[in-house]
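The values are calculated or read from the model by the stated rules, or taken from the named source; none is laboratory data. This one's a predicted model, so the numbers in the text were calculated from it and none came from an experiment. Reconstructed Cβ throughout: ideal geometry from the backbone, glycine too, with neighbour counts over all protein chains shown. Ligands, DNA and RNA are stripped out before the accessible areas are found, and what is left, the full protein with its side chains, is counted by its heavy atoms. Shrake-Rupley method; radii C 1.70, N 1.55, O 1.52, S 1.80 Å.
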2 protein chains.
Amino acid sequence: MTARMLVNGLSGDTVSALDRGLSYGDGLFETIRFVGDSAPLWSRHMQRLDESCRRLQLPAPAALQLLREARAVAHDMPQSVVRMTLTRGIGARGYASPVSPQVTRVVAAFEAPAMDGDMYFQGIRLRVCTTRLAEQPLLAGMKHLNRLEQVLARAEWNDPAIAEGVLCDARGRVISATMANLFAVVDGRLMTPAVDRCGVAGVARAEVLAVCPEAEIGELTLEALLGASEVFLSSSVRGILPVCSLNGRDYVRGDMTRHLQRHWHDLGFSMEQGG
Amino acid sequence: MTARMLVNGLSGDTVSALDRGLSYGDGLFETIRFVGDSAPLWSRHMQRLDESCRRLQLPAPAALQLLREARAVAHDMPQSVVRMTLTRGIGARGYASPVSPQVTRVVAAFEAPAMDGDMYFQGIRLRVCTTRLAEQPLLAGMKHLNRLEQVLARAEWNDPAIAEGVLCDARGRVISATMANLFAVVDGRLMTPAVDRCGVAGVARAEVLAVCPEAEIGELTLEALLGASEVFLSSSVRGILPVCSLNGRDYVRGDMTRHLQRHWHDLGFSMEQGG
């Protein structure tokens, strides 16, 4: 894998083996889609990062510094994904936080994933994962570094025809995909699961909710999902992805999905094939 | 913090900033108490590590190699704690595991924590944490790298007179301390909470259960804990720690605690002040 990287603002590709990010997953990350020098959802990423830093009591770096570093690593890639990882830095053994933690900051740029343009028209195939998300309101919504549930869920299949997996909570309620949020049009109404007990409050999800203020945030059963007229995923990296199949049920790309794809296109993302 | 370290068998103190241990907490650790070259609970640590590697589908390094590396870093420290961290290595962006993961192996030795010998006689003070452990049977029992719950719980207090915090699950059942397992003598019977839905199956806990096969593993309410005649913590690093106070309730070090402290002493640990 090739990536250009800055660690604490300096060229480098390593962190201390005593970093609390490694020891305990004590930190946060953002994965931000850049088109050249521009990240259309930048301010939403910074808003979530700030809010999560506050919740974890991590000192948040200045957004301007992060933007400068992101542009430096993404420089001259026409389409890139910048991953920013913040940790509570190096600490003594034990869970207690250092009195004045020196946050570790990794900013790395990757080539944007190659997405078959057809996927944005035809849609992607999903499966339902057997891995269930645990309810932890203290961590819900954040893009923190404790991601073993997602790793286990993603390890459930390796059929390349299946692009994503649906994650439910322990009570069987649909929450999200493994690396994207999920929306469905149920009885004519756009809805997305709440992420206050588990799941990640995606930046693309926030954009969709801003564009569609009538959307409902609530409980979504698997039954309701299978009965939906449209289903799509939202991802800051991949945009608006129509779902064409889930557990033998077929869906077609509907008006709401098309509308949001156009919006994504208008934001400045080219790949999402708006229209 | 000074530590001697081997990373993948070589002198070094860094890991790749793209390591999945950092990106997702995708890995495991063990903290092993050494007395000189000897780790009395070694085989229990290796047993848990093997079992957890199997559960996470991580290739387990050979125990003999780990022992050689642990002795190399702990060399000439009379009392040390060796932390071994295993991760799924460097991976592409995304949760999907590399087809043939190259496990990252960090073996680091620290001076054993200075423990006031009095603590083993007088006991330590505990508080009840408000942070609740989420139920996740797929991860329960393992000492994996997703430890944000413990970080949040430990951040709840900084009174140095409080040595540990009691963690309950979402339903209010007592599970453990933040970095030790918990035992109580309730109605004359030794018991410890089950750790099949959350919590860590401690190596010291396994030793206690082997020594006391009559001990009961089950549900422990806070009420039962406050009504217990003895309470102690078990830790592979700190041994058997009597609890003298919890939420205003006082306990005295009882026969069971003394018995297990003697056993710890007989195992070859000197600090636990057996007798």
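Somewhere in region A:178-192, is a residue part of a loop (DSSP other than H, G, I, E, B), closer than 30 Å to B:Gln136 by Cα, of a type in the set (S, T, N, Q) and in contact (Cβ under 8 Å) with a residue 40 or more places away in the chain?
Initial filter on region A:178-192 (part of a loop (DSSP other than H, G, I, E, B)): A:178-180, A:187-188.
Subsequent filtering for residues that are closer than 30 Å to B:Gln136 by Cα retains A:178-180.
Then keep just the ones that are of a type in the set (S, T, N, Q); that gives A:178.
Remaining after also requiring in contact (Cβ under 8 Å) with a residue 40 or more places away in the chain: A:178.
Yes; the residues of region A:178-192 include at least one that is part of a loop (DSSP other than H, G, I, E, B), closer than 30 Å to B:Gln136 by Cα, of a type in the set (S, T, N, Q) and in contact (Cβ under 8 Å) with a residue 40 or more places away in the chain.
Determine whether region B:162-181 contains at least one residue that is over 19 Å from B:Thr130 (Cβ atoms), in contact with a strand residue (DSSP E or B) (Cβ under 8 Å, 6 or more places away or on another chain) and either among the hydroxyl-bearing types (Ser, Thr, Tyr) or at pLDDT 95 or above (or both).
The initial filter retains those residues of region B:162-181 that are over 19 Å from B:Thr130 (Cβ atoms), namely B:181.
From what's left, in contact with a strand residue (DSSP E or B) (Cβ under 8 Å, 6 or more places away or on another chain): B:181.
Restricting the remaining residues to those that are either among the hydroxyl-bearing types (Ser, Thr, Tyr) or at pLDDT 95 or above (or both) gives B:181.
Within region B:162-181, one or more residues are over 19 Å from B:Thr130 (Cβ atoms), in contact with a strand residue (DSSP E or B) (Cβ under 8 Å, 6 or more places away or on another chain) and either among the hydroxyl-bearing types (Ser, Thr, Tyr) or at pLDDT 95 or above (or both).
From the residues in region A:144-158 that are surrounded by 21 or more Cβ atoms within 10 Å (Cβ to Cβ) and among the hydrophobic types (A, V, I, L, M, F, W, C), which one is farthest from the chain's Cα centre (by Cα)?
Looking at the filtered set, the residue picked out is A:Leu152.
Name every residue in region B:73-94 that is more than 16 Å from the chain's Cα centre (by Cα) and more than 11 Å from chain A (Cβ to nearest Cβ), in order of residue number. Walk me through it before giving the result.
Residues of region B:73-94 that are more than 16 Å from the chain's Cα centre (by Cα), as a first pass: B:73-79, B:87-94.
Residues satisfying the conditions are B:Val73, B:Ala74, B:His75, B:Asp76, B:Met77, B:Pro78, B:Gln79, B:Gly89.
Within the group B:Ala170, B:Ala161, which residue is open to solvent by 20 Å² or more (accessible area, probe 1.4 Å), more than 18 Å from the chain's Cα centre (by Cα), within 11 Å of chain A (Cβ to nearest Cβ) and among the hydrophobic types (A, V, I, L, M, F, W, C)?
Matching residue, one of B:Ala170, B:Ala161: B:Ala170.
Within region B:195-235, how many residues turn out to be touching a residue at least 24 places away in the same chain (Cβ under 8 Å) and outside any helix (DSSP H, G or I)?
Residues in region B:195-235 being touching a residue at least 24 places away in the same chain (Cβ under 8 Å) and outside any helix (DSSP H, G or I): 26 in total.
Which of the residues spanning region B:78-94 are open to solvent by 20 Å² or more (accessible area, probe 1.4 Å) and either modelled with pLDDT of 95 or more or part of a strand (DSSP E or B) (or both)? Don't jump to the end; show me each part of the working.
The initial filter retains those residues of region B:78-94 that are open to solvent by 20 Å² or more (accessible area, probe 1.4 Å), namely B:78-79, B:90, B:92-93.
Matches in region B:78-94: B:Gln79, B:Ile90.
Which ones in region A:4-23 are assigned to a helix (DSSP H, G or I), open to solvent by less than 10 Å² (accessible area, probe 1.4 Å) and over 14 Å from A:Arg105 (Cβ atoms)? Walk me through it before giving the result.
At the first step, the residues of region A:4-23 found to be assigned to a helix (DSSP H, G or I) are A:20-23.
Next cut, open to solvent by less than 10 Å² (accessible area, probe 1.4 Å) only: A:20-22.
Residue satisfying the conditions is A:Leu22 alone.
Counting only residues that are within 12 Å of another protein chain (Cβ to nearest Cβ) and touching a residue at least 24 places away in the same chain (Cβ under 8 Å), how many does region B:3-12 have?
So in region B:3-12, the residues within 12 Å of another protein chain (Cβ to nearest Cβ) come out as B:3-8, B:10-12.
Those still in the list that are touching a residue at least 24 places away in the same chain (Cβ under 8 Å) too: B:3-8.
Within region B:3-12, residues that are within 12 Å of another protein chain (Cβ to nearest Cβ) and touching a residue at least 24 places away in the same chain (Cβ under 8 Å) number 6.
Results for (1) more than 13 Å from chain A (Cβ to nearest Cβ); (2) out of contact with any strand residue (DSSP E or B) (no Cβ under 6 Å at 6 or more places or on another chain); (3) surrounded by fewer than 17 Cβ atoms within 10 Å (Cβ to Cβ); (4) closer than 30 Å to A:Ala112 by Cβ, shown as yes or no for each residue.
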{"residue": "B:Leu56", "(1), (2), (3), (4)": "no, yes, no, yes"}
{"residue": "B:Ala62", "(1), (2), (3), (4)": "yes, yes, yes, no"}
{"residue": "B:Ala70", "(1), (2), (3), (4)": "yes, no, no, no"}
{"residue": "B:Val106", "(1), (2), (3), (4)": "no, no, no, no"}
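Against the condition hydroxyl-bearing (Ser, Thr, Tyr) and within 14 Å of chain B (Cβ to nearest Cβ), how does A:Ser38 come out, does it pass?
No.
For the structure I just gave you, tell me whether A:Ser43 is of a type outside the set (A, V, I, L, M, F, W, C), more than 19 Å from A:Gly94 (Cα to Cα), part of a helix (DSSP H, G or I) and open to solvent by less than 10 Å² (accessible area, probe 1.4 Å). It would help to see each step written out before you state the result.
On the way: of a type outside the set (A, V, I, L, M, F, W, C): yes; more than 19 Å from A:Gly94 (Cα to Cα): yes; part of a helix (DSSP H, G or I): yes; open to solvent by less than 10 Å² (accessible area, probe 1.4 Å): no.
Judged against the criteria, A:Ser43 is not a match.
Can you give me the number of residues within region B:144-158 that are facing another protein chain (nearest Cβ under 10 Å), closer than 26 Å to B:Asp250 by Cβ and part of a loop (DSSP other than H, G, I, E, B)?
Residues meeting the conditions: 2.
What are the residues in region B:24-40 that are farther than 30 Å from A:Arg105 by Cα, crowded, with 22+ Cβ neighbours inside 10 Å and over 12 Å from the mean Cα position of the chain (by Cα), if any?
If the condition is that a residue be farther than 30 Å from A:Arg105 by Cα, crowded, with 22+ Cβ neighbours inside 10 Å and over 12 Å from the mean Cα position of the chain (by Cα), then B:Phe34, B:Ala39 are the ones that fit.
Hey, among A:Ser100, A:Ser43, which residue is over 30 Å from B:Ala114 (Cα atoms), more than 9 Å from chain B (Cβ to nearest Cβ) and without any contact (Cβ under 8 Å) to a residue 12 or more places away in the chain? Can you show your working first?
Numbers: A:Ser100 fails: over 30 Å from B:Ala114 (Cα atoms).
That would be A:Ser43, the only listed residue that is over 30 Å from B:Ala114 (Cα atoms), more than 9 Å from chain B (Cβ to nearest Cβ) and without any contact (Cβ under 8 Å) to a residue 12 or more places away in the chain.
Of the numbered conditions (1) more than 20 Å from A:Leu225 (Cα to Cα); (2) more than 9 Å from every other protein chain (Cβ to nearest Cβ); (3) of a type in the set (Gly, Ala, Ser), A:Ala184 fails exactly one; give the number of that condition.
(1)
Looking only at region A:226-270, how many residues end up being open to solvent by 30 Å² or more (accessible area, probe 1.4 Å) and under 21 Å from A:Arg33 (Cα atoms)? Before the answer, list the steps.
Start the filter on region A:226-270 by keeping residues that are open to solvent by 30 Å² or more (accessible area, probe 1.4 Å), which leaves A:226-227, A:229, A:247-250, A:252-253, A:255-256, A:258-259, A:262-263, A:265-268, A:270.
Next, from what is left, pick out any that are under 21 Å from A:Arg33 (Cα atoms): A:258-259, A:262-263, A:265-268, A:270.
Residues flagged as open to solvent by 30 Å² or more (accessible area, probe 1.4 Å) and under 21 Å from A:Arg33 (Cα atoms) within region A:226-270 amount to 9.
If we keep just the residues of region A:108-132 that are part of a helix (DSSP H, G or I) and either within 14 Å of another protein chain (Cβ to nearest Cβ) or of a type in the set (A, V, I, L, M, F, W, C) (or both), which is most open to solvent (accessible area, probe 1.4 Å)?
Step one: of region A:108-132, the residues part of a helix (DSSP H, G or I) are A:118-122.
Applying the additional criterion that residues be either within 14 Å of another protein chain (Cβ to nearest Cβ) or of a type in the set (A, V, I, L, M, F, W, C) (or both) yields A:119, A:121.
Numbers: A:Met119: 61, A:Phe121: 86 Å².
The selected residue is A:Phe121.
Just for region B:133-143: of the residues that are buried (at least 18 other Cβ atoms within 10 Å of the Cβ) and either in contact with an Asp or Glu (Cβ under 6 Å, 6 or more places away or on another chain) or in a loop (DSSP other than H, G, I, E, B) (or both), which one is farthest from the other protein chains (Cβ to nearest Cβ)? Show your work before the answer.
Within region B:133-143, the first condition is being buried (at least 18 other Cβ atoms within 10 Å of the Cβ), and the residues that meet it are B:133-136, B:139-143.
Okay, now just the ones that are also either in contact with an Asp or Glu (Cβ under 6 Å, 6 or more places away or on another chain) or in a loop (DSSP other than H, G, I, E, B) (or both), so B:133-136, B:139-140, B:142-143.
On the way: B:Leu133: 8, B:Ala134: 4, B:Glu135: 6, B:Gln136: 4, B:Leu139: 6, B:Ala140: 10, B:Met142: 9, B:Lys143: 11 Å.
Filtering region B:133-143 for residues that are buried (at least 18 other Cβ atoms within 10 Å of the Cβ) and either in contact with an Asp or Glu (Cβ under 6 Å, 6 or more places away or on another chain) or in a loop (DSSP other than H, G, I, E, B) (or both), the one farthest from the other protein chains (Cβ to nearest Cβ) comes out as B:Lys143.
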